Structure formats: structure tokens, C-alpha cells
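The values are calculated or read from the model by the stated rules, or taken from the named source; none is laboratory data. Here the structure is a predicted model, which means the values were calculated and not measured. Every residue, glycine among them, receives a Cβ derived from its backbone with ideal geometry; neighbour counts consider all protein chains shown. Ligands, DNA and RNA are excluded from the accessible area calculation, which covers all protein heavy atoms including side chains. Shrake-Rupley method; radii C 1.70, N 1.55, O 1.52, S 1.80 Å.
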Amino acid sequence: LRQPVLMGNLSLCTVKPAPSCERAHAFEVVVATDRFLLQAESDEEMVEWIANLQNAIGASLDSGMSVPKARHTANPAKVEELRGRVEGNGVCVDCANEHPTWASISLGVLICIECSGLHRKLGVHLSKVRSTGLDKWSDALLDMMIAVGNARSNGVYEAALEGNAEGLSKPGKGASLAERETFIRAKYERKAFLRPSERAPREWDALLFERAGEGDLSGMIEAMANGADLSWVPADRERCQGRTCLHETAMRGHVAAAVLLLQRGAKLDLQDGTGN
């Protein structure tokens with residue numbers, strides 16, 4: 001945040017995104033009749049601040065509590081955990097190269113430098129590439145990456161790799177760039193290795209909404225891989241109050257799930273039935 005804000009009584013506060021604000025990554029804190037507009041440095045940090053403040057507000061009803069601080073620089077311990085202690089992250093998600101140091105932050109996975117260039121060629125609508133050693137990371141983004149990881153992602157994107165109709169196998173360490181690109185495009189563009197399903201498109205929309213409310217990352221990844229609409233609102237608008245899956249994650253405090261949705265392109269400017 002650019003300027004600190006002092007609060008008199010945390011239990012009387014509410015906090016929510018400010019999509020109508022001209023500034024990016026802005027959110028609003030309402031204290032009684034006063035409104036404070038704050039700005040984070042990224043969407044991930046904004047989600048982290050909102051979640052932390054909401055948790056603090058809930059806890060303050062029972063006891064006094066100070067507002068937690070957001071982290072503005074990469075946490076070395078979290079980066080190390082991401083690289084070395086998350087299941088599957090010791091090997092590139094798309095080939096056999098060990099100790100990958102690049103990431104796709106929209107997929108929540110680690111990739112080697114060879115595959116990172118091919119992910120860039122896919123376009124940011126499919127994969128957003130970042131270095132784990134050179135780029136800036138928020139705690140919220142790192143936590144999402146740690147929660148997803150290569151094994152969880154491949155449990156969806158490579159669920160039907162064995163015996164696939166295209167006859168492709170995962171590239172080994174010595175694979176050429178052409179072999180890697182063929183595999184990566186089949187995996188993420190054509191979704192050639194997803195588990196077969198007879199669900200209708202609207203069923204995937206509903207499943208994403210449900211899994212987002214539960215904070216079920218695996219279920220969310222599968223639904224999004226099958227084309228679920230991130231802006232879908234259930235037909236029972238009165239019961240769900242016009243909420244999207246992003247509203248669901250924010251309301252229930254599932255920060256990693258919210259960050260994943262944001263990286264996949266969820267819209268922050270959509271309001272629910274209560275104007276939030």
C-alpha cells in the first residue's frame with residue numbers, strides 16, 4: 001500500500017474491491033461513515049490484503065488485533081519451498097529436465113528454460129511465464145503456486161496421456177524444441193490428454209463455481225481446462241446473490257483459489273447482487 005491507514009475499531013470495518021476506481025489494484029475500506037481507498041501493487045497483493053483484513057475483522061469481534069502486513073518482496077523461504085518441496089516441482093512439468101527455475105503463473109507450475117520459451121509462444125491467454133529467480137513475487141502468488149504444483153496440474157492435463165489418440169509421449173531430457181512444442185501445444189491448446197468427459201459446457205461452469213467455493217484447486221483446474229466460464233453466475237441469482245466464482249473464493253477466504261482465478265483472467269470489475 002502506498003500510504004498507511006489507521007483504523008479506530010476494526011470490528012466496524014468492511015473491505016471490498018473498488019472496480020470503479022481509475023487506479024489499478026484498488027480496494028476500499030469502509031470505517032463507519034468514512035471510506036478509504038487503498039492501492040496494492042498487484043492483483044495478487046490486493047486479494048491478499050482483502051483476505052487478511054477480512055480475517056482480522058472477524059477475529060477482532062472477539063479480541064483486539066492489528067492489521068497484518070503485506071509482503072512486497074519475494075520470500076526466499078517460500079521460493080525455496082516452491083522449487084524443492086512441492087510434489088512434482090523437482091522436474092519440469094512438460095519434460096524430464098530437473099530443477100526447473102521458470103514458472104507459468106497462470107497454470108501454477110514450474111517449467112525449465114527450454115519449455116519456458118514455448119510457453120511464451122502459447123500466448124498469455126494460456127500461459128504467463130515468470131522467472132523464480134529474476135522476477136518479483138508476492139506471498140499470495142507464491143502460496144498459490146505452492147498449493148497447485150506440477151503434480152496436481154499434471155493430474156488434470158496429463159490424466160489421459162498414456163495411450164492418447166495422438167500417440168504422443170512426454171519429451172525426455174534430450175528432446176528437441178520441435179518435439180517439446182508439439183507436446184506442449186497438444187497439452188494446453190488442444191487439451192489432448194484431459195480425462196474424457198460427457199459433461200455439457202454449462203455443467204463445467206457450475207462445477208467451477210462449486211469447487212471455487214470449496215477452495216478445491218484440482219477441481220477448479222479441471223473445470224477451467226474444460227472451458228468453464230469464469231464469469232458464470234448461477235441461475236438462482238437470489239440464493240447466490242449474483243456471485244461469480246471469484247466472489248465465492250473471496251467471500252470464503254480461499255486466497256490461493258482467488259489468485260489462480262485472477263491469473264486465469266477472472267474479471268475484477270464484475271459486481272455481485274450486493275454491489276461488491
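Here LEU207 passes the criteria (1) open to solvent by 40 Å² or more (accessible area, probe 1.4 Å); (2) of a type in the set (A, V, I, L, M); (3) not in a loop (DSSP other than H, G, I, E, B) except the one numbered (1).
Can you report the number of residues in region 85-103 which are open to solvent by 10 Å² or more (accessible area, probe 1.4 Å), β-branched (Val, Ile, Thr) and within 25 Å of MET220 (Cβ to Cβ)?
Residues of region 85-103 that are open to solvent by 10 Å² or more (accessible area, probe 1.4 Å), as a first pass: 85-88, 90-91, 96-99, 101-102.
Among the residues that remain, those that are also β-branched (Val, Ile, Thr) are: 86, 91, 101.
Checking which are within 25 Å of MET220 (Cβ to Cβ) leaves us with 86, 91.
So the count comes out to 2.
For ARG130, the conditions (1) loosely packed, with under 14 Cβ neighbours inside 10 Å; (2) of a type in the set (D, E, K, R); (3) in contact with a strand residue (DSSP E or B) (Cβ under 9 Å, 6 or more places away or on another chain) all hold with the exception of (1).
Residue-by-condition table, conditions (1) under 26 Å from GLU114 (Cα atoms); (2) small (Gly, Ala, Ser); (3) at pLDDT 95 or above; (4) in contact with a helix residue (DSSP H, G or I) (Cβ under 7 Å, 6 or more places away or on another chain):
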{"residue": "LEU168", "(1), (2), (3), (4)": "yes, no, yes, yes"}
{"residue": "PRO171", "(1), (2), (3), (4)": "yes, no, yes, yes"}
{"residue": "SER176", "(1), (2), (3), (4)": "yes, yes, yes, no"}
{"residue": "ALA192", "(1), (2), (3), (4)": "yes, yes, yes, yes"}
{"residue": "PRO201", "(1), (2), (3), (4)": "no, no, no, no"}
{"residue": "LEU207", "(1), (2), (3), (4)": "no, no, yes, yes"}
{"residue": "THR244", "(1), (2), (3), (4)": "no, no, no, no"}
{"residue": "GLY265", "(1), (2), (3), (4)": "yes, yes, no, no"}
{"residue": "ASP269", "(1), (2), (3), (4)": "no, no, no, no"}
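Quick check: is even one residue across region 5-27 modelled with pLDDT of 70 or more and touching a Ser or Thr at 6+ places or on another chain (Cβ under 7 Å)? If you could, list the steps in order and put the result at the bottom.
Restricting attention to region 5-27, the residues satisfying the condition of being modelled with pLDDT of 70 or more are 14-27.
Next cut, touching a Ser or Thr at 6+ places or on another chain (Cβ under 7 Å) only: 25.
Taking every residue of region 5-27 in turn, at least one turns out to be modelled with pLDDT of 70 or more and touching a Ser or Thr at 6+ places or on another chain (Cβ under 7 Å).
For PHE36, work out the one condition from (1) modelled with pLDDT of 85 or more; (2) assigned to a strand (DSSP E or B) it doesn't fulfil. Among (1) modelled with pLDDT of 85 or more; (2) assigned to a strand (DSSP E or B), PHE36 violates only (1). Being under 21 Å from LEU246 (Cβ atoms), crowded, with 16+ Cβ neighbours inside 10 Å and touching a Ser or Thr at 6+ places or on another chain (Cβ under 6 Å): is that true of ARG152 here? The answer is yes for ARG152. Of all residues in region 159-176, exactly one satisfies the criterion of being over 20 Å from ASN97 (Cα atoms) and open to solvent by 90 Å² or more (accessible area, probe 1.4 Å), namely ALA165.
Each row is one residue, and each column tells you yes or no for (1) among the charged types (D, E, K, R); (2) touching a residue at least 12 places away in the same chain (Cβ under 8 Å).
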{"position": "ARG195", "(1), (2)": "yes, yes"}
{"position": "GLU198", "(1), (2)": "yes, no"}
{"position": "PRO201", "(1), (2)": "no, yes"}
{"position": "ALA206", "(1), (2)": "no, yes"}
{"position": "MET220", "(1), (2)": "no, yes"}
{"position": "TRP232", "(1), (2)": "no, yes"}
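For (1) among the hydrophobic types (A, V, I, L, M, F, W, C); (2) open to solvent by 70 Å² or more (accessible area, probe 1.4 Å), each residue gets a yes or a no:
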position: ILE105; (1), (2): yes, no
position: GLU114; (1), (2): no, yes
position: GLY123; (1), (2): no, no
position: TYR157; (1), (2): no, no
position: ALA178; (1), (2): yes, no
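From the list GLY215, GLY219, GLY242, GLY227, the one residue that fits, being surrounded by fewer than 14 Cβ atoms within 10 Å (Cβ to Cβ) and of a type outside the set (A, V, I, L, M), is GLY227.
Could you tell me which of the residues SER127, SER116, SER104 is hydroxyl-bearing (Ser, Thr, Tyr), at pLDDT 85 or above and over 27 Å from GLY253 (Cα atoms)? The unique qualifying residue is SER116.
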